[in-house]
Amino acid sequence: MNLISHKTKSLNGKINCPGDKSISQRILIIGSLLNCDMQLDGFLNAEDPISTMEALNEIGASISINQDYVFLNKRDVPFKNPKNDLNLGNSGTGSRLLLGLISGLGIRCNLTGDESLSKRPMNRVINPLKKIGSVIKSNDGKLPISTIGSNIINNFEYKMPIASAQVKSSLLLAALASKKQIRIIEPKTTRDHTERMIEFFGGDISYGDSLNKGTISLNDYKISPKNLYTIPGDFSSAAFIIVASVISKNSEVLIKNVGLNKTRNGLLKILLLMGADIKIKNERLLSNEEVADILVKSSDLKGIDVPEDIIPNIIDEIPILSIAASFAKGETRITNAAELRVKESDRLMGISEGLNKLKVLHKIFEDGIFIKGTSEEIYCDSPIDSYNDHRIAMSFLISGIRSKNSVSVLNCKNIETSFPNFRHIMNSLGMKIDEKN
Ligand code: S3P
């Protein structure tokens, strides 16, 4: 599916932020382990959480969905070896977190995925999971992956070579499911939704002091059921609406119920440093996660050097940050972001190819990109390839706001993996995004 996004005068209105993808997937997994009757509100009904849900049902969970309401049902039978392959579609989070859960449960199964997921590196989870006691076979570190069984050891300690919340969560889930203690040391702070969720259900997690920075310990695996869990809005989806509102003229948009966990909201800090007019209102705690409403107005941005330490915190937002940088005064420099090469696509390449089409001056490096912003309207005379990557597709559709005429983006179907209402929400605020043959 190809989409075209037309020049936009202004964006105005109030919308509800769609549910968080990372948290929707985690609550399905941890909720299934809890084995209780539980209702999930605010669930993200998109392809990635749905493939995680289907995989869990294959191994014996009992999860049903009715629009945005999901019900986890208590079952009398334990988890089981599935009859079919577990197909995680496009979802890196689903595949890596489930590999941890399955290792912890000692389940035998085959994990598969779509073309993009089948190219993504899995040794980052396979290697530590083998060390903790799982028997795993893979296609040279890629999907398909088979789990043969496991004997998970207690008090495993793992120093992560890369900053990855998926690796951290996979190991925490392996320990939780096998009722073992674990200690993980991360090189830089990554999203902490798994830890917060385990704590929300009464599990005992502790964090290293200043001498043991980055250490996360699961001390007690006991978690207790609750009958309701409410999922906060997804900051990564809100990021598209925030940048769209900032770069369009005469705009004022209120985004309600946005997750503002500080391991996720780095883009907010970056945009404020760039001069964006953003106000946080009605801050509160929901399911042990910070949420708030965000009021965004049109702003004149200036380029900045993005601090390297914040990169894991903004990793999914770098494509849309690149669009903000394209309309900022001066140069924005993003470095130490080589992880972008192994996301749903090689995102540094995808951003650079798209910026070439927009004729935005930039320089791409192995681990980053420098972008020189323009105050002119952009002119795009040939379609931009999204490389089947939802975040690349949505980012370049947003750039259409500041175009002389329009921006066309190819292969946008994958927007369904994370933000199925993207087009509807953006058009309701004043954008004009249409299908294009
Ligand atoms: C995610 C972690 C990040 C992020 C991904 C979702 C998660 O990946 O890019 O979209 O839900 O844990 P890494 O852990 O590989 O950095």
Restricted to region 260-294 and to residues being out of contact with any helix residue (DSSP H, G or I) (no Cβ under 9 Å at 6 or more places or on another chain) and among the aliphatic types (A, V, I, L, M), the residue farthest from Gln39 (Cα to Cα) is Leu273
Do we have Asn219 as assigned to a strand (DSSP E or B), away from the ligand (no atom under 12 Å from the Cβ) and within 21 Å of the chain's Cα centre (by Cα) here? no
Every residue from region 384-419 that is open to solvent by less than 50 Å² (accessible area, probe 1.4 Å) and in a loop (DSSP other than H, G, I, E, B): Ser386, Asp389, Cys412, Ser418, Phe419
Look at Asp114 and say whether it is touching a residue at least 24 places away in the same chain (Cβ under 8 Å), over 24 Å from Ile205 (Cβ atoms) and within 16 Å of the ligand (Cβ to nearest atom). yes
With the requirement that a residue be more than 12 Å from Leu105 (Cβ to Cβ), of a type in the set (D, E, K, R) and surrounded by fewer than 16 Cβ atoms within 10 Å (Cβ to Cβ), what does region 151-181 give you? Glu157, Lys159
Conditions: (1) open to solvent by 40 Å² or more (accessible area, probe 1.4 Å); (2) over 25 Å from Leu44 (Cα atoms); (3) at pLDDT 95 or above. Ile378 meets all but one. Number of the miss? (1)
Pick from region 338-370, criterion within 24 Å of Ser118 (Cβ to Cβ) and of a type in the set (Lys, Arg), ranking: least open to solvent (accessible area, probe 1.4 Å): Arg347
From the option list Ile148, Ile205, Ile184, Ile136, single residue qualifying as farther than 18 Å from Lys343 by Cβ, in a strand (DSSP E or B), open to solvent by 40 Å² or more (accessible area, probe 1.4 Å) and among the hydrophobic types (A, V, I, L, M, F, W, C) is Ile148
Within region 428-437, which residues are open to solvent by less than 50 Å² (accessible area, probe 1.4 Å) and either in a helix (DSSP H, G or I) or of a type in the set (Ser, Thr, Tyr) (or both)? Leu429
Would you check if there is a residue in region 91-102 being within 28 Å of Glu339 (Cα to Cα) and either β-branched (Val, Ile, Thr) or in a strand (DSSP E or B) (or both)? yes
What single numbered condition from (1) at negative phi; (2) more than 18 Å from the chain's Cα centre (by Cα) fails to hold for Met197? (2)
Qualifying positions in region 168-181 - in a helix (DSSP H, G or I), away from the ligand (no atom under 15 Å from the Cβ) and not aliphatic (A, V, I, L, M): Ser178
Set Asp48, Asp114: member being part of a loop (DSSP other than H, G, I, E, B), assigned by TED's automatic domain parsing to the domain that holds His193 and either more than 22 Å from Asn151 (Cβ to Cβ) or open to solvent by 10 Å² or more (accessible area, probe 1.4 Å) (or both): Asp114
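The values are calculated or read from the model by the stated rules, or taken from the named source; none is laboratory data. Since we're looking at a predicted model, the values are computed, not measured. So basically every Cβ, Gly included, is an ideal-geometry build from the backbone, and we count neighbours across all protein chains shown. Each accessible area value is taken on the protein alone, full model and side chains, heavy atoms only, with ligands, DNA and RNA left out. Shrake-Rupley method; radii C 1.70, N 1.55, O 1.52, S 1.80 Å.
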